[in-house]
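The following block contains the structure, expressed as structure tokens.
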Amino acid sequence: MIDIAIERMNILFNRAEMEFITHPERSNRYVELALKLSTKYNTKVPEEWSRRYCKSCKSFLKPGHNSTVRLVNSEVNIFCGECGHAMKIPYHREKKLKRRAKYDSKQKRINE
Ligand SMILES: [Zn+2]
């Protein structure tokens with residue numbers, strides 16, 4: 001049942017993406033339905049879509065149309081153009097891993 005819910009959420013978000021230019025109010029409705037599914041079956045919204053809706057006003061976001069994405073202080077800032085809410089997603093871990101990989105490759109070169 002959970003697989004079906006995830007499949008349906010993917011379909012709804014794809015629909016929202018398709019309809020956004022012509023009918024933005026429909027895509028907001030599709031987001032609403034997908035979020036209802038995620039609460040009913042206690043599953044997360046698929047990862048590829050979790051940054052594509054506003055956590056505050058639940059409207060569908062399309063970067064360049066009604067949202068802006070900026071990298072500030074090791075955070076991904078996603079501003080909603082509808083209500084002005086800013087979602088801040090840190091990426092410290094990724095930065096750390098990159099630094100570690102750089103250091104490791106340097107050490108390898110020294111040891112050779
Ligand atoms: Zn919003």
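Just so you know, all these numbers are worked out from the coordinates, no wet-lab data involved. None of the values given here were measured: they were computed from a predicted structure. So basically every Cβ, Gly included, is an ideal-geometry build from the backbone, and we count neighbours across all protein chains shown.
Compute the long axis of helix 92-111 from its Cα atoms, compare it with the longest principal axis of the Cα atoms of the chain, and write down the angle in degrees, 0 to 90, nearest 10.
30 degrees
Under a cut-off of 29 Å between alpha-carbon atoms, report the lysines in cross-link reach of K44, not counting same-chain residues fewer than 8 places apart.
K36, K55, K58, K62, K88, K95, K96, K98
Take peptides 39-47, 23-31 and line them up by average Cβ neighbours within 10 Å, highest first, as a rough protection proxy.
23-31, 39-47
Given the options L97, L37, L71, which has the most mean-square fluctuation in a GNM of the chain, springs set between C-alpha atoms less than 10 angstrom apart?
Of L97, L37, L71, the Gaussian network model singles out L97 as fluctuating most.
In whole Hz, what ³J(HN,Hα) sequence does the range 23-33 give by Karplus (6.51, -1.76, 1.60; θ = phi - 60°), x for Gly and Pro?
Per-residue couplings from phi come out as 10, x, 5, 5, 5, 5, 5, 4, 4, 4, 5 Hz.
Another question about this same structure. In terms of the ratio Rg/(2.2 N^0.38 Å) built on C-alpha atoms, what value belongs to the chain? Walk me through the numbers on the way to the answer.
Working: Rg = 18.5 Å, N = 112, 2.2 N^0.38 = 13.2 Å.
With N residues counted in the chain, Rg over 2.2 N^0.38 Å equals 1.40.
Hey, what angle do you get for helix 2-19 against the long axis of the chain, alpha-carbon based, 0 to 90 degrees rounded to 10?
So the helix axis and the longest Cα principal axis differ by about 80 degrees.
The range 44-66 to the range 77-102: how many Å between their Cα centroids?
15 Å
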